[in-house]
Amino acid sequence: MEHLYCLRCNRELEAGHKSVAVYMFAQTVGIRPRQKSAAKRICFCPQCSVSLAMGPPPEGALNVAAWQMIRELVGSDPALNQAAWENLRGVIGLLPSNETDGNLRPTGTAGYFEF
């Protein structure tokens, strides 16, 4: 069994766990005999998928095409967003499940999570 890793954060993705996979292959068109490359599987963990979809478009035509596909997936069903939040709560243990959990107070400094 092949070990998969998130392309963006290099986190290991275990088989059966939630993730987003982008498959890429190249194929000639209008040229005989037709040639086709092997398909490559590029994976993103839920956190990186949501972070990529919510951020600005990357540079480069192939990157923008993949970004648009990920945005469609993230926007089509809340399950991926939910998985990202569940993973953050489980791994970090700092995010409350609702506004009454935990005592999060402003520290006077601006901060953010970057995936």
Requested in this report: Please verify whether region 5-14 includes one or more residues that are over 17 Å from ASN87 (Cα atoms), surrounded by 12 or more Cβ atoms within 10 Å (Cβ to Cβ), in contact with a Leu (Cβ under 9 Å, 6 or more places away or on another chain) and not polar (S, T, N, Q).
Outcome: no
Query raised in the report: Quick one: what pairs do we get from region 29-56, first residue closer than 22 Å to LEU13 by Cα and touching a residue at least 60 places away in the same chain (Cβ under 8 Å), second aromatic (Phe, Trp, Tyr) and outside any strand (DSSP E or B), C-beta under 6 Å, 6+ apart or different chains?
Result: GLN47/PHE115; CYS48/PHE115; SER51/PHE115
Query raised in the report: Taking region 15-34 only, how many residues are surrounded by 10 or more Cβ atoms within 10 Å (Cβ to Cβ), in a loop (DSSP other than H, G, I, E, B) and in contact with a strand residue (DSSP E or B) (Cβ under 8 Å, 6 or more places away or on another chain)?
Result: 3
Query - Options CYS43, CYS9, CYS48; residue that is at pLDDT 90 or above, within 14 Å of the chain's Cα centre (by Cα) and part of a helix (DSSP H, G or I) - result: CYS48
Report task. Mind listing whichever residues of region 57-115 are modelled with pLDDT of 85 or more, in a helix (DSSP H, G or I) and either among the acidic types (Asp, Glu) or at positive phi (or both)? Result -> GLU72
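The values are calculated or read from the model by the stated rules, or taken from the named source; none is laboratory data. Everything quoted here is computed from the prediction, not taken from an experiment. Don't worry about glycine lacking a Cβ; one is built from the backbone with ideal geometry, like all the others, and counts go over all protein chains shown.
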